[in-house]
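S.K.: Can you keep this structure in mind? I'll have questions shortly.
The values are calculated or read from the model by the stated rules, or taken from the named source; none is laboratory data. These numbers come from a predicted model, not from an experiment. Using ideal geometry, Cβ is built from the backbone for each residue, glycine included, and neighbour counts are taken over all protein chains shown. Note: areas computed on protein heavy atoms with side chains; ligands, DNA, RNA excluded. Shrake-Rupley method; radii C 1.70, N 1.55, O 1.52, S 1.80 Å.
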Amino acid sequence: MISIQELSKIYTSKKKQVIGVDKVSLDIQEGEIYGIVGYSGAGKSTLLRCMNILERPTSGKVYIDDIDLLSLSKKDLRKARQSIGMIFQGFHLAMGKTVLENVAFALKAAGKPKQERNDRARRLLELVGLSDKADQYPAQLSGGQKQRVSIARALANDPKVLLCDEATSALDPNTTQSILKLLKKINRELGLTIVLITHEMEVVKEICDRCAVMEEGKVVEQGAAYEIFASPQNALTKRFIRTVIDFHVPEELLKKSSGTIVQMKFTGGQAGDTVVSDLLQNYKIKGNILHGNVDYIQEKALGTFVMELTGDPQEVGRAVESLKTILDEVEVLNHDRSADQPVARAE
Ligand SMILES: Nc1ncnc2c1ncn2[C@@H]1O[C@H](COP(=O)(O)OP(=O)(O)OP(=O)(O)O)[C@@H](O)[C@H]1O
Ligand SMILES: [Mg+2]
């Protein structure tokens, strides 16, 4: 659907060059919700603006449905852009126009007669749940309602792709949830491909099928959202994941424990309870669950459990080894007691 190949954007001012996007290659499939995550300045907006050539890449290629956007004439590019809707953090609504006019105006460029424009605008307002606000002005709306208007407007020309630049960043958590639900709904009902920029990993967890993590203009990791959450590879990705799934075992607990503390990660089809009960049956050890958590990403469970195993140390060792053969991630967390020894001071 969208194919980006070796795309770079370098900003050149009088004295220096700033790399906005650095040799990024991405493939976004039809009908998916694709998240682009990164801290401020990572190059997310630049990359998104290059996807519809609001910004011309310095080098590289952008294909939408196999059309090489950079090879198009101005006129053809304008036409191609009609199949790409865009929404922003700041809504970008015309304040002097009513809600209905804001949406209908987007249809003007397509040359539709007024009645048809208004009818379609009303249907779109219904889709985003704002039928009763048609005659109000943006200033009379909440942030979430404004974003709904801008979504309706972005959908006016029946795009195939919706690009969202921090569409929920200005909204409170509840409103964010309702906008994400709406995006998911239009993704499902209209088969719309959605590219979504965010600095909140929670947003990826909620609705993205796949995602890419960006740092300093580069994509440092990309893949299915579940895989990224289950086994992040890059240090930055790990940091992002921790903002959503922060599994911290208190140091006090580790200090107090006399047994072996293991943290286990359960992915996809693995049933945590069976693994644990088998373990306790097969080895002469005792197990005590200290901590547990299950998250759902793309409706697939991702669980983490922390257990204290006690008994004969060799038997415990064998039990841990057997866990390692069953689960992808088993980590022994025990407190390093050597750190408790007083350090001899050289004076
Ligand atoms: N028009 C411009 N002229 C010069 N440099 C720019 C321009 N636009 C972006 N940059 C630079 O490119 C880099 C990437 O910026 P970009 O806006 O894409 O980041 P971002 O990931 O969207 O950040 P944020 O989360 O803050 O929106 C930054 O170093 C920025 O300063
Ligand atoms: Mg940005």
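S.K.: State which residue pairs qualify: first residue farther than 15 Å from Ala80 by Cα and inside segment 43-55, second residue acidic (Asp, Glu) and within 11 Å of ligand 1 (Cβ to nearest atom) in any location, beta carbons under 6 Å apart, and separation of 6 or more residues or different chains.
M.R.: Filtered contacts from segment 43-55: Ser45/Asp165; Leu48/Asp165.
S.K.: Say whether the condition of being away from ligand 2 (no atom under 16 Å from the Cβ) and among the polar types (S, T, N, Q) is met by at least one residue in segment 41-50.
M.R.: There is no residue in segment 41-50 that is away from ligand 2 (no atom under 16 Å from the Cβ) and among the polar types (S, T, N, Q).
S.K.: Hey, among the residues in segment 26-40 that are open to solvent by 50 Å² or more (accessible area, probe 1.4 Å) and more than 15 Å from ligand 2 (Cβ to nearest atom), which one's farthest from Ala235 (Cα to Cα)?
M.R.: The qualifying residue farthest from Ala235 (Cα to Cα) is Glu30.
S.K.: For Lys205, work out the one condition from (1) under 26 Å from Gln29 (Cβ atoms); (2) open to solvent by 60 Å² or more (accessible area, probe 1.4 Å); (3) part of a helix (DSSP H, G or I) it doesn't fulfil.
M.R.: Of the numbered conditions (1) under 26 Å from Gln29 (Cβ atoms); (2) open to solvent by 60 Å² or more (accessible area, probe 1.4 Å); (3) part of a helix (DSSP H, G or I), the odd one out for Lys205 is (2).
S.K.: Another question, then. Give the residues of segment 45-68 that are touching a Cys at 6+ places or on another chain (Cβ under 9 Å) and more than 13 Å from Ser8 (Cβ to Cβ), sorted by residue number.
M.R.: Within segment 45-68, Leu48 is the sole residue that qualifies.
S.K.: So which pairs qualify, if the first residue must be in segment 161-174 and assigned by TED's automatic domain parsing to the domain that holds Glu200, the second must be within 13 Å of ligand 1 (Cβ to nearest atom) and among the aromatic types (Phe, Trp, Tyr), the Cβ gap must be under 6 Å, and the two must be at least 6 apart or on different chains?
M.R.: Asp165/Phe88
S.K.: Exactly one of these conditions fails for Thr274: (1) buried (at least 17 other Cβ atoms within 10 Å of the Cβ); (2) over 17 Å from the mean Cα position of the chain (by Cα). Give me its number.
M.R.: Against the list (1) buried (at least 17 other Cβ atoms within 10 Å of the Cβ); (2) over 17 Å from the mean Cα position of the chain (by Cα), Thr274 comes up short only on (1).
S.K.: Right, something else. Can you tell me which of (1) more than 9 Å from ligand 1 (Cβ to nearest atom); (2) buried (at least 19 other Cβ atoms within 10 Å of the Cβ) is the one Lys74 doesn't meet?
M.R.: Lys74 satisfies every listed condition except (2).
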